[in-house]
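The values are calculated or read from the model by the stated rules, or taken from the named source; none is laboratory data. Here the structure is a predicted model, which is why all the values come from computation and not from measurement. Neighbour counts are summed over all protein chains in view; Cβ atoms, including those assigned to glycine, are modelled from backbone coordinates with ideal geometry. Only protein heavy atoms, including side chains, enter the accessible area calculation; ligands, DNA and RNA are left aside. Shrake-Rupley method; radii C 1.70, N 1.55, O 1.52, S 1.80 Å.
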Amino acid sequence: MHIVIMGTGGMGGYYGGLLSRAGNDVTFIARGAHLAAIQQNGLQVRSVHGDFVVSPAHATDDVAGVPSPDLILFCVKTYHTDEAAAAVRPIVGPHTTVLSLQNGIDAPERIGRVVGMEHMIAGATWISSAVEAPGVIHQFSQFRRIVIGELNARRTPRVEAAYETLKQAGIEAELSDDILKIMWTKFVFIAAASSFGSLTRLPIGEYRSVPETRFVIMALLREVEAVARRQGIRLDADVVDKTMTFIDNNGPKIKPSMQVDVEAGRRTEIESIIGVVGRRGRELGVSTPVADVLYASLLPVDLKARAAAEAA
């Protein structure tokens with residue numbers, strides 16, 4: 001299968017590396033020093049599942065001249081979604097499938113507005129992986145799970161082909177007949193862990209057991225649940241309790257990617273991870289006071305990082 005990895009960061013680089021190692025024709029879209037290192041030395045992967053190198057690696061910062069692929073894995077940070085979608089639009093052919101593995105719940109529709117919703121399937125992933133140095137991906141987690149599905153809940157040849165390709169690469173791939181439920185179930189957790197981790201700057205084990213903090217976490221979980229249910233997402237009846245149990249069972253040192261970006265002074269995915277809760281709530285008539293306070297508290301930090309990045 002010919003696959004384009006749009007965004008060769010920790011997630012895209014790792015999954016793209018596995019797909020390339022499995023014999024697929026993979027084009028990595030990257031930029032700057034990371035791109036130069038991949039072009040010169042190949043893509044180096046350090047992983048708990050075993051180290052490997054993709055060499056030579058086909059990497060570029062310009063999709064012009066790249067043939068229309070069978071599959072585009074969309075792995076950019078959510079704040080680059082619109083420009084990245086515009087960049088890949090010229091190579092989206094009649095039979096190209098586009099799969100977003102990004103955080104949040106709004107990426108498929110944002111990408112679909114640019115490339116056409118008929119090309120979109122949706123997914124969610126669970127992985128801990130990061131760019132360690134230019135050209136080097138470090139994957140930390142035992143889990144490397146991807147769940148995918150058609151937005152209309154059908155089983156189609158294209159989603160089954162994508163599933164088989166991921167599975168054959170060694171990824172813990174699953175097919176879902178209700179991918180929106182999967183995405184929102186993950187999002188209930190991500191919204192809470194990202195927000196409270198970013199606000200406290202502490203690993204999850206140092207705030208989850210504080211009674212006052214725990215009370216507010218539960219309130220946020222219920223807000224996200226309410227927004228999901230108002231738009232018809234069929235979450236499990238005990239999704240909030242299950243999510244709190246998942247938070248309790250996470251390793252005590254866990255920090256979500258948004259928190260890591262906050263601590264490093266980088267721009268964050270605040271709009272797609274917490275801002276979207278309030279925006280969707282207002283559209284649907286659902287009150288989200290906790291989400292709104294968290295967003296307002298973290299937004300100045302993100303604006304400062306954006307300004308610094310633009311000035312650099």
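A few comments on the model shown:
- Any hit, segment 113-129, residues being part of a helix (DSSP H, G or I), in contact with a strand residue (DSSP E or B) (Cβ under 8 Å, 6 or more places away or on another chain) and not polar (S, T, N, Q): yes
- Listed by first and then second residue, the pairs linking a residue in segment 29-44 that is touching a residue at least 24 places away in the same chain (Cβ under 8 Å) to a residue that is open to solvent by 50 Å² or more (accessible area, probe 1.4 Å), with Cβ atoms under 6 Å apart and 6 or more places separating them unless they lie on different chains, are Arg31/Asp61; Ala33/Pro134; His34/Pro134; Leu35/Asp61; Ala37/Pro134; Gly42/Val53; Gly42/Ser55; Gln44/Val53.
- Meets criteria (under 25 Å from Tyr79 (Cα atoms), surrounded by 15 or more Cβ atoms within 10 Å (Cβ to Cβ) and hydrophobic (A, V, I, L, M, F, W, C)) for Ile247: no
- Residue tally, condition touching a residue at least 24 places away in the same chain (Cβ under 8 Å), buried (at least 22 other Cβ atoms within 10 Å of the Cβ) and part of a helix (DSSP H, G or I), over segment 265-301: 9
- Filtering segment 124-150 to residues that are open to solvent by 70 Å² or more (accessible area, probe 1.4 Å) and either among the polar types (S, T, N, Q) or over 17 Å from Asn103 (Cα atoms) (or both) leaves Glu132, Pro134, Phe140, Gln142.
- Filtered by the rule that a residue be in a loop (DSSP other than H, G, I, E, B) and in contact with a helix residue (DSSP H, G or I) (Cβ under 7 Å, 6 or more places away or on another chain), segment 133-148 gives Pro134, Gly135.
- Residues satisfying the stated conditions in segment 85-104, i.e. at pLDDT below 95 and either in contact with a Lys or Arg (Cβ under 9 Å, 6 or more places away or on another chain) or of a type in the set (D, E, K, R) (or both): Asn103
- Scope segment 151-164; condition touching a Ser or Thr at 6+ places or on another chain (Cβ under 7 Å) and surrounded by 18 or more Cβ atoms within 10 Å (Cβ to Cβ); matching residues: Ala162
- Sole residue being more than 26 Å from Ala264 (Cβ to Cβ) and either among the polar types (S, T, N, Q) or within 20 Å of the chain's Cα centre (by Cα) (or both), chosen from Thr125, Thr156: Thr156
- Screening Lys167, Lys186 for residues that are open to solvent by 10 Å² or more (accessible area, probe 1.4 Å) and over 25 Å from Val240 (Cα atoms) leaves exactly one candidate, Lys167.
- Filter result for Ala130 (modelled with pLDDT under 95 and touching a helix residue (DSSP H, G or I) at 6+ places or on another chain (Cβ under 9 Å)): yes
- Residue count for segment 149-180, restricted to those that are assigned to a loop (DSSP other than H, G, I, E, B) and under 16 Å from Gly12 (Cα atoms): 3
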